[in-house]
Amino acid sequence: MFATYSAAPARPWSVPSSGSPATLLVEGNVPMHEPVFTPDGRAFYYATGAPFIVRVPLSPETGLPQADGEEIATPGLSSARHISISGDGRRMAMAALTMSSNLWTVLVAPGTGAAVKPPAALTENTLRRKTTPVFSPDGEWIAFSASRGGAGTDVWVMNVADGRTIPVTAGDPTTAKPSAPSYFRASWLPDRDRHLHRPAARARAPRRRR
């Protein structure tokens, strides 16, 4: 089996070793990484890049899902990936990925563009995937996108003088919703006091079992 993903929600597929057409197993669950069958073929697991993995039971007769995916927490692993299951199906191994993402600045010579000093970090916190920074028209603030585990991607602004970082949008990881909202690619309006952000499309998430 394998997963496909791009701008659309990820999708897991299975294909016979004989080379017959691939069969779509689940539609619309994001994110989805490295799906793997259990040794007995009665289920498959996939990683989410979040502190849980998902188990999807399969029909022994058809090999197709026979129930919704069940989320399984991975305490202590903020980003579970790369699941591997032992041959007897009794043990599971996975990787825990961590990320260090910060905005940096470098002073350059006006005439040549060559670096005058070594790069220096503008941010140093636990926000992830800090991207698309853009200065305000007066140069006093920087707007950028960043994410927190479970809360989607939000727009933040940072004061250049003192480094204060303030959220402009606020995804709430405790709110019941199909998936975490994402806001990114901010741009400033000419008056500096306002800026625009672009919301990303949402997709359905697996049902959580309790």
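Some points to look at:
- Hey, PHE52 surrounded by fewer than 16 Cβ atoms within 10 Å (Cβ to Cβ), at pLDDT 85 or above and touching a Ser or Thr at 6+ places or on another chain (Cβ under 9 Å) or not: no
- Selection of strands (runs of 3 or more DSSP E) fully inside segment 103-207 by the criterion of at least 2 residues being closer than 25 Å to THR48 by Cα and at pLDDT 60 or above returns 128-135, 141-148, 152-159, 183-188.
- Qualifying residue in segment 6-27 (condition: touching a residue at least 24 places away in the same chain (Cβ under 8 Å), open to solvent by 50 Å² or more (accessible area, probe 1.4 Å) and within 23 Å of THR153 (Cα to Cα)): no
- Summed over segment 54-87, residues that are assigned to a loop (DSSP other than H, G, I, E, B) and not acidic (Asp, Glu) total 16.
- Qualifying residues in segment 79-102 (those that are open to solvent by 60 Å² or more (accessible area, probe 1.4 Å) and at pLDDT 90 or above) - the one farthest from the chain's Cα centre (by Cα): ASP88
- Subset tally (residues that are open to solvent by less than 80 Å² (accessible area, probe 1.4 Å) and either under 26 Å from PRO31 (Cα atoms) or among the β-branched types (Val, Ile, Thr) (or both)) for segment 144-165: 15
- Against the list (1) polar (S, T, N, Q); (2) touching a residue at least 12 places away in the same chain (Cβ under 8 Å); (3) open to solvent by 70 Å² or more (accessible area, probe 1.4 Å), the condition THR62 fails is (2).
The values are calculated or read from the model by the stated rules, or taken from the named source; none is laboratory data. These numbers were taken from a predicted model, which means no experiment stands behind them. Glycine gets a Cβ as well: all are built from the backbone with ideal geometry, and neighbour counts include every protein chain shown. Ligands, DNA and RNA are stripped out before the accessible areas are found, and what is left, the full protein with its side chains, is counted by its heavy atoms. Shrake-Rupley method; radii C 1.70, N 1.55, O 1.52, S 1.80 Å.
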